[in-house]
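What follows is one structure encoded as structure tokens, with my remarks underneath.
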Amino acid sequence: MPAAFDVEEFEAELGKRDPNDRYAGARVYFDVIAVENEAKTEEAGRVQYDNVEHFIVQWPGQEKQFIRAKDWHRKRYAAEYKAFKQGLEIPESGLPLQEWGMIPASTAKEFKLIGIHTVEQLADLSEGGEVYRKLGPAQSYVTKAKDFVKRTEKEGKYTALQAQNRKLTAEVGALREQIQMLSQRIEAEQGAKAYGSAA
């Protein structure tokens, strides 16, 4: 008779491996889930729950997977864990669909329901895959997303330089203002000293 499959042991073993690419392309975040505590339930004579931190994984178009959070989850996904502890929104990597401007808000919400939150996640869908086939008329957005990502990757370096240039221009403008204010202050102080010594 085969030995029973031990999920905890399996998770512990996987946790020893390098998890860098384990959840690539998935949305990951932390949450507290109420889990029934059988010992407390039996003792109290009514259902008792414990709040347990969970690591939640959702690949685009798939159901969420709830995994009891382990230390390696918290370390590997430190930004997501920090956001969770501070009660902040989950940081997304990529351009949120609702900010893209190439998709109606209602369609963006529909994509969000199936775990597709960013243009990059939409572009990563395989055109022959099950999720893609389920999209029906919305499949055209996958092609638009792929084109958008390719174009922005090419333009990315140029756009980054433009942003850096705008930032530096603003900083130079602020420094010029400070220099002008300091010059006026120095002139005023020198004028006051000159007036004081003449009197």
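Bear in mind that the values in this text are calculations on the coordinates, not laboratory data. It should be emphasised that the depicted structure is a prediction, and the values quoted were computed from it without experimental measurement. Quick reminder, even Gly has a Cβ in these numbers, built from the backbone with ideal geometry, and neighbours come from all protein chains shown.
Note on K193: no lysines have a C-alpha under 30 Å away, same-chain residues under 8 apart excluded. Of the trypsin sites (Lys or Arg not before Pro) found in the stretch 42-79, those in coil by DSSP whose Cβ has at most 15 other Cβ atoms within 10 Å are R46, K64. Between L95 and V119, E120, the built amide H atoms are under 5 Å apart, and every one of these is 5 or more places off in sequence or on another chain. Please give me the summed charge of the neighbours of N37: other residues whose Cβ is under 13 Å from its Cβ, Lys and Arg +1, Asp and Glu -1. With Lys, Arg at +1 and Asp, Glu at -1, the neighbours total -3.
Output the pairs from K82/K154; K109/K146; K64/K134; K40/K70 with a Cα-Cα distance over 21 Å in this structure; if there are none, say none.
Working: K82/K154 32 Å; K109/K146 19 Å; K64/K134 18 Å; K40/K70 23 Å.
As for pairs spanning more than 21 Å Cα to Cα, those are K82/K154; K40/K70.
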